[in-house]
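Participant: Take this structure, written in structure tokens, and hold onto it; I'll ask about it next.
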Amino acid sequence: MSDIDLSVEIAGVKFRNPILTASGTFGYGEEFNEYIDLSRIGGIITKSVTRYPRPGHKPPRTFETSSGMLNAIGLANVGIDRFIEEKIPFLRTLDTNVIVNVAGFSLDEYVEVVRRLNDADGISMLEINISCPNVGADGLEFSSSETSAHKLTAELKKISRYPLIIKLSPNVTDIAAIAVACEDAGADALSLINTLVGMAINHYTFKPMLTNTTGGLSGPAIKPVALACVMKVYRCVKIPIIGIGGIMDHFDVAQFFIAGATAVEFGTANFVNPNCTVDAVEGIRDYLRDMNIATITDLIGRLRD
């Protein structure tokens, strides 16, 4: 089989292949540009952008764990003003889809960032990180309830020029219920999962390894959880799902597709092998050829009971 079609489409946006980079693991794209040919992957997702610049938490804010890593970066970023002035010009030059990850601590902050991005060209979609504490709701995450997730999604959908991907947290009672609420509110796609809450302790000092005490656990350790979440959500919604969580190679890509994903994001793997995304493009093509599957979308939701 010579012609393998790796293209996918999400909310009208066409991707040459389903391999994306996860927010927070790829900088603003420029950091990896000298190492890999970004035009060979389906798209990049920027690190989170907030209304105002954020220095993030004090180091140490990352810690390697068994089969993964903890991070408590604290949404460190340049803020929307500098992002538009300094980062967008480079992003416009890329021959791949650019998805901007948006974060905030109130509904007004999300709205302001999305409004500002409406005036910026060179963007394909927005990924909305709803795993941020809502300062107007006793510090609870926007992802913590169907009501808050629905309200945020609906308000952003009203004003956004770009299709919206809502990034879901696994740190909830029922991720499928949150997913359905976001779909009902107009979400164009979902990405899942964000990191799991975890911590590490120094047994000599009795202190946490991270200055923030807890952080987000990512890497291969969370892949089984991510796969289960994708499968569960796929059975409840009709909009596309982007799988995230411990994806290291093309076999992981295949498994997420079988669970119900239409695209995937490589995160922690970028720290291990900067070329992992490009390697996965070639690997998944070979896998599909070996399986006698001509189109990658034919793999979506093929899980057998």
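Read-outs throughout are calculated quantities, based only on the coordinates presented, and are distinct from any laboratory measurement. What you see is a predicted model; the values in this text were computed from it and never measured. Note that we place each Cβ from the backbone using ideal geometry, even for glycine, and neighbour counts take in every protein chain shown.
Participant: Over the chain, with a Gaussian network built from C-alpha contacts below 10 Å, which listed residue (G27, G243, G219) shows the highest mean-square fluctuation?
Facilitator: Highest fluctuation of the listed residues: G27.
Participant: Still on this structure, please answer the following. Can you compute the FRET efficiency between S67 and R116 using 1/(1 + (r/R0)^6), with r the Cβ-Cβ distance and R0 = 45 Å? Round to the nearest 0.05.
Facilitator: Step by step, r from the Cβ atoms, then E = 0.70.
Participant: Follow-up question, since we're still on this one. Under 19 Å from the 7 Å Cα→Cβ point of E31, by amide nitrogen: which residues of the range 46-66?
Facilitator: Residues 46-65 fall inside that zone.
Participant: Net charge around P53, counting only other residues with Cβ within less than 11 Å of its Cβ (Lys, Arg = +1; Asp, Glu = -1)?
Facilitator: +2
Participant: With springs only between Cα atoms under 10 Å apart, run a GNM on the chain and tell me which of T262, T214, T195 wobbles the most.
Facilitator: The residue with the greatest mean-square fluctuation here is T214.
Participant: Take the alpha carbon atoms of the range 225-264, find their center, do the same for the range 28-70, and report the distance between the two centers in whole angstrom.
Facilitator: Cα centroid to Cα centroid, the span is 21 Å.
Participant: Starting with the highest mean, order 82-93, 119-130, 263-274 by the number of other Cβ atoms within 10 Å, averaged over the residues of each peptide. Present the calculation step by step, with values, prior to reporting the outcome.
Facilitator: On the way: 82-93: 15.3, 119-130: 19.8, 263-274: 22.5.
Ranked from most to least packed, the peptides come out as 263-274, 119-130, 82-93.
Participant: Sticking with this one: Considering only DSSP beta bridges with both partners in the range 8-299, what is the antiparallel share in %, to the nearest 5?
Facilitator: Rounded to the nearest five, the antiparallel share is 40 percent.
Participant: In deg cm²/dmol and to the nearest 500, what is the mean residue ellipticity at 222 nm of the chain if only DSSP H runs of at least 4 residues count, each as -39500 (n - 2.57), divided by the residue total?
Facilitator: My calculation for the chain gives -8000 deg cm²/dmol from helical runs alone.
Participant: Tell me, what is the FRET efficiency for K151 and E86 to the nearest 0.05, using R0 = 30 angstrom and their Cβ-Cβ distance as r?
Facilitator: 0.40
Participant: Over the range 165-264, what is the percentage of antiparallel beta bridges among all DSSP beta bridges, to the nearest 5?
Facilitator: Here the antiparallel bridges make up roughly 45 percent for the range 165-264.
Participant: Still on this structure: For K158, K238, which order do you get if you count the other beta carbons within 10 Å of each Cβ and list the fewest first?
Facilitator: Exposure proxy ranking, most exposed first: K238, K158.
Participant: In whole percent, what relative contact order does the range 8-299 give with Cα contacts below 8 Å and a gap of six or more residues?
Facilitator: Result for the range 8-299 is 19 percent.
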